[in-house]
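I am attaching a structure below and will ask some questions about it afterwards.
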Amino acid sequence: MTVHTPAAGGLGILGTGSYLPERVVPNEAFGPLAGVSAEWIERKTGIRQRHYAADHEAASDLAVEAAVRALDSAGAEAADLAWIIVATSTPDHPQPATAAFVQHRLGAHGAAAFDVNAVCAGFLAALHTGVALAGAPGLDGRPRLALVIGTEVYSRILDLGDRRTAPLFGDGAGAAVVGPVRADRGLIGTGLRTDGRLHELIGVTAGGSRVPASEKTVARGDHFFRMRGRDVREYVERELPAAVAGALDAFGVRAEEVDHFVPHQANGAMLREVVGSLGLPAARCHLPVELHGNTGSASVPLALDAAHRAGELADGDVVLLAGFGGGMTMGTCLLRWGA
């Protein structure tokens with residue numbers, strides 16, 4: 001069952017930001033190890049390149065870069081933040097939360113900070129949470145801003161010889177500042193659903209309390225990311241149209257009213273096929289996946305920031321965000337753009 005939550009009145013996205021590491025990895029880099037051509041990768045995935053973090057960069061470093069840009073876009077300061085919610089499935093450490101490092105680096109010492117992990121649906125799960133928290137009144141009556149970040153360093157958990165996963169993923173971060181907007185603008189509502197029966201479709205087996213790290217787990221490659229691609233594709237083809245229809249119905253928005261669709265950048269070829277089944281006749285689908293690949297929880301805010309900075313989101317436009325990832329979890333968000 002999907003939990004649909006209407007947003008508090010006058011609450012929206014005040015600013016966005018993103019960051020991609022400097023190192024660009026083209027499709028040609030995978031040929032010798034994965035046994036595939038650059039043309040095969042682009043045809044199967046719609047991806048031409050991705051970015052990899054430098055040796056000194058971790059998930060929190062990417063998150064801070066995106067956060068600084070989002071705060072600047074929103075005209076806000078770190079001191080204004082009440083909440084910092086970081087979505088990541090590739091944290092700096094098992095503990096403490098990556099959000100604690102982000103809070104420290106930003107100097108947002110008055111903000112509560114924590115992580116969420118819904119893999120590639122992480123940003124939507126974090127946004128769902130951030131909207132609820134930012135909508136609650138503060139004791140001092142001041143606006144309570146939430147900083148929501150998706151950040152991933154997938155290059156550290158990929159088996160570069162696995163053609164099913166290695167060419168798909170890259171590193172990056174995206175962020176949004178949530179806070180008060182005009183009453184006729186902002187977030188309409190969010191939706192979130194998990195089907196734990198499908199937990200085996202995506203995951204990293206070792207490194208947790210179920211299968212602790214050992215010489216055997218390293219030798220078996222159990223710390224690498226694995227995905228049952230065909231099954232995941234069937235899940236998206238079946239569940240994404242239902243999630244979109246459910247969100248529109250829950251919040252009383254007609255399909256023809258949606259101006260922009262910003263999905264998780266999982267696979268460009270797959271998404272171009274699925275978009276036609278969503279019944280969004282007027283919506284522009286934003287798919288910058290060719291430039292950075294699948295960046296997990298960072299992909300939706302990366303795409304949203306790219307559209308925002310290109311001036312493609314006009315005041316009053318209706319925007320639909322959708323994320324889907326391991327668990328399996330599906331998240332949606334409807335908003336009317338503008339502050």
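Could you go through region 181-195 and let me know if any residue there is in contact (Cβ under 8 Å) with a residue 24 or more places away in the chain, surrounded by 15 or more Cβ atoms within 10 Å (Cβ to Cβ), farther than 30 Å from residue 308 by Cβ and within 23 Å of the chain's Cα centre (by Cα).
no
Limited to region 247-269, what total is found for residues that are touching a residue at least 60 places away in the same chain (Cβ under 8 Å) and either in a loop (DSSP other than H, G, I, E, B) or under 21 Å from residue 295 (Cα atoms) (or both)? Outline the logic, then answer.
Applying the first criterion (touching a residue at least 60 places away in the same chain (Cβ under 8 Å)) to region 247-269 yields 247-248, 250-251, 253, 257-264, 266-269.
Of the ones still in play, those that are also either in a loop (DSSP other than H, G, I, E, B) or under 21 Å from residue 295 (Cα atoms) (or both) are 253, 258-264, 266-269.
Selection size over region 247-269: 12.
Out of 155, 209, report the one residue that is touching an Asp or Glu at 6+ places or on another chain (Cβ under 8 Å) and either open to solvent by 30 Å² or more (accessible area, probe 1.4 Å) or part of a helix (DSSP H, G or I) (or both).
Values: 209 fails: touching an Asp or Glu at 6+ places or on another chain (Cβ under 8 Å).
That would be 155, the only listed residue that is touching an Asp or Glu at 6+ places or on another chain (Cβ under 8 Å) and either open to solvent by 30 Å² or more (accessible area, probe 1.4 Å) or part of a helix (DSSP H, G or I) (or both).
Kindly indicate whether residue 86 is within 23 Å of residue 294 (Cα to Cα) and either part of a helix (DSSP H, G or I) or of a type outside the set (A, V, I, L, M) (or both).
In short, no.
What are the residues in region 236-245 that are crowded, with 18+ Cβ neighbours inside 10 Å and touching a Leu at 6+ places or on another chain (Cβ under 9 Å), if any?
Across region 236-245, the qualifying residues are 236, 240, 244.
Within region 247-262, is there a residue that is within 26 Å of residue 21 (Cβ to Cβ) and not acidic (Asp, Glu)?
Yes: one or more hits.
Considering only residues that are open to solvent by 20 Å² or more (accessible area, probe 1.4 Å) and farther than 17 Å from residue 186 by Cα, which ones fall in region 255-267? I'd like the intermediate steps shown before the answer.
Filtering region 255-267 down to residues open to solvent by 20 Å² or more (accessible area, probe 1.4 Å) leaves 255-257, 259, 267.
255, 256, 267, listed by residue number.
Out of the residues in region 37-74 that are under 17 Å from residue 293 (Cβ atoms) and among the acidic types (Asp, Glu), which is surrounded by the fewest Cβ atoms within 10 Å (Cβ to Cβ)?
39
Kindly indicate whether any position in region 22-36 is open to solvent by 60 Å² or more (accessible area, probe 1.4 Å), touching a residue at least 24 places away in the same chain (Cβ under 8 Å), touching a Gly at 6+ places or on another chain (Cβ under 7 Å) and in a helix (DSSP H, G or I).
So far as region 22-36 goes, yes, one or more of its residues are open to solvent by 60 Å² or more (accessible area, probe 1.4 Å), touching a residue at least 24 places away in the same chain (Cβ under 8 Å), touching a Gly at 6+ places or on another chain (Cβ under 7 Å) and in a helix (DSSP H, G or I).
Of the residues that sit in region 213-246 and are among the charged types (D, E, K, R) and touching a residue at least 40 places away in the same chain (Cβ under 8 Å), which one is nearest to residue 156 (Cα to Cα)? Walk me through it before giving the result.
Start the filter on region 213-246 by keeping residues that are among the charged types (D, E, K, R), which leaves 215-216, 220, 222, 226, 228, 230-231, 233-234, 237-239.
Then keep just the ones that are touching a residue at least 40 places away in the same chain (Cβ under 8 Å); that gives 226, 237, 239.
Details: 226: 13, 237: 29, 239: 29 Å.
Once the filter is applied, the top-ranked residue is 226.
Kindly evaluate residue 115 against the criterion of being of a type in the set (Asp, Glu), in contact with a Ser or Thr (Cβ under 7 Å, 6 or more places away or on another chain) and open to solvent by 10 Å² or more (accessible area, probe 1.4 Å).
Considered against the rule, which asks whether it is of a type in the set (Asp, Glu), in contact with a Ser or Thr (Cβ under 7 Å, 6 or more places away or on another chain) and open to solvent by 10 Å² or more (accessible area, probe 1.4 Å), residue 115 comes out as yes.
The values are calculated or read from the model by the stated rules, or taken from the named source; none is laboratory data. Worth saying up front: this structure is predicted, and the values here are computed from it rather than measured. Note that each Cβ is placed from the backbone with ideal geometry, even for glycine, and that neighbours are counted across all protein chains shown. Surface areas here come from the heavy atoms of the whole protein model, side chains and all, with no ligands, DNA or RNA. Shrake-Rupley method; radii C 1.70, N 1.55, O 1.52, S 1.80 Å.
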